[in-house]
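Enquirer: Below you'll find the structure I mean.
FYI, it's all coordinate maths here, none of it is from the lab. For clarity, every value in this text was computed on a predicted model and none was experimentally measured. All Cβ positions, glycine included, derive from the backbone under ideal geometry; neighbour counts span all protein chains shown.
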Amino acid sequence: MAAATTPPVELEVGPHAVRLSSPDRVYFPETGATKLDLAQYYLSVGDGIVNALRERPCMLHRFPDGLAGDKVHQKRVPAGAPPWLETVRVHFPRYDRTADELCVTELAHVIWAVQMSTVEFHPWNSRRADVEKPDEWRIDLDPGEECDYARVRRVAHVAHEVLDELGAVGYPKTSGGSGLHVYVRIAAEHGFGDVRRAALAFAREVERRAPDDVTTTWWRKDRDPALVFVDYNQNARDHTIASAYSVRGVPDARVSTPLRWDEIDDADPRDLTMATVPARYAEIGDLHADIDDHVFDIAPLLEWAERDEREGEPDPGE
């Protein structure tokens with residue numbers, strides 16, 4: 001006998017009705033959270049998730065059978081998408097192919113993606129007006145396998161110190177895993193290569209100030225697993241990380257959650273989940289809401305990069 005199927009539900013999201021099939025399908029077995037729970041989470045942080053994704057090509061991390069099944073990395077919007085969905089065409093030179101990726105401009109686009117079994121949203125750091133010119137510099141503090149979170153916190157404070165000296169406003173968030181991210185809005189005036197060079201120069205400065213906590217070693221096999229890797233390569237073309245307010249595909253449904261700098265020492269990523277973030281958001285709103293008001297010119301970092309290159313520290317990835 002076939003299992004009973006729960007009827008679809010229809011969610012009114014702005015001017016659109018989004019049909020959610022199998023709303024009671026369990027996506028997170030550890031917590032019992034369902035597809036409908038996931039949609040309701042994204043509705044609860046609507047302004048924040050749209051602000052994080054707005055106008056950016058976006059890769060979708062889909063779990064058609066929930067976390068118990070396989071994860072699908074999807075770049076292309078499938079045929080049959082609603083006519084109100086927006087996309088942006090990007091080119092992949094390595095394969096000389098193009099893909100029409102989701103380009104979120106309103107909350108209904110996010111809920112449509114949930115209907116398509118999307119759990120995680122991974123946007124580019126550029127926008128569709130010019131996908132080759134990033135407007136977001138991403139600082140990824142990625143702990144090694146033997147690195148504790150106290151070290152990640154220490155490194156975050158060093159990064160904050162350097163940003164302050166540069167006159168850059170950094171917007172921290174948990175990664176939704178074991179690390180921290182800091183985003184800086186930049187002028188969309190440079191290509192991916194220069195933004196990555198700037199990110200490497202910054203990472204090296206953080207390493208100079210905290211050599212016992214930080215590594216910029218390129219090859220994972222050569223890194224000390226107890227240190228924090230400042231992953232400048234996340235600024236390379238077509239590299240993406242989970243957006244602010246994205247749920248992560250982990251058993252406890254952690255969320256990549258914006259923080260205030262004064263919360264770094266006390267906030268525990270394990271406490272910031274799909275179940276807890278809506279109340280936090282209702283209380284304090286989107287901590288990244290004004291990121292577009294603080295645009296940083298990366299020229300000083302490019303000068304640092306040129307200095308490092310003159311002194312015999314070329315980009316190890318080239």
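Enquirer: Lys pairs in the chain, Cα-Cα under 25 Å, at least 8 apart or on separate chains: how many?
Expert: Working: Lys35/Lys71; Lys35/Lys75; Lys35/Lys173; Lys71/Lys173; Lys75/Lys133; Lys75/Lys173; Lys133/Lys173.
Close lysine pairs found across the chain: 7.
Enquirer: Give the Kirkwood hydrodynamic radius (Å, one decimal) of the range 1-136, defined as one over the mean of 1/r across all pairs of different Cα atoms. Intermediate results must be reported in sequence, preceding the final value.
Expert: Numbers: mean 1/r = 0.0636 Å⁻¹.
It is 15.7 Å.
Enquirer: Of (i) 1.01; (ii) 1.08; (iii) 1.22, which one was derived for Cα Rg over 2.2 N^0.38 Å from the structure shown?
Expert: Looking at Cα Rg over 2.2 N^0.38 Å for this model, the match is (i).
Enquirer: Highest first, please rank the peptides 294-300, 97-103 by the mean number of other Cβ atoms sitting within 10 Å of their residues.
Expert: Working: 294-300: 16.3, 97-103: 18.6.
The packing order, highest mean first, is 97-103, 294-300.
Enquirer: Limiting things to C-alpha atoms, what are the Rg and the maximum Cα-Cα separation (Dmax) for the range 206-271, in angstroms?
Expert: Answer for the range 206-271, Rg first and Dmax second: 14.5, 37 Å.
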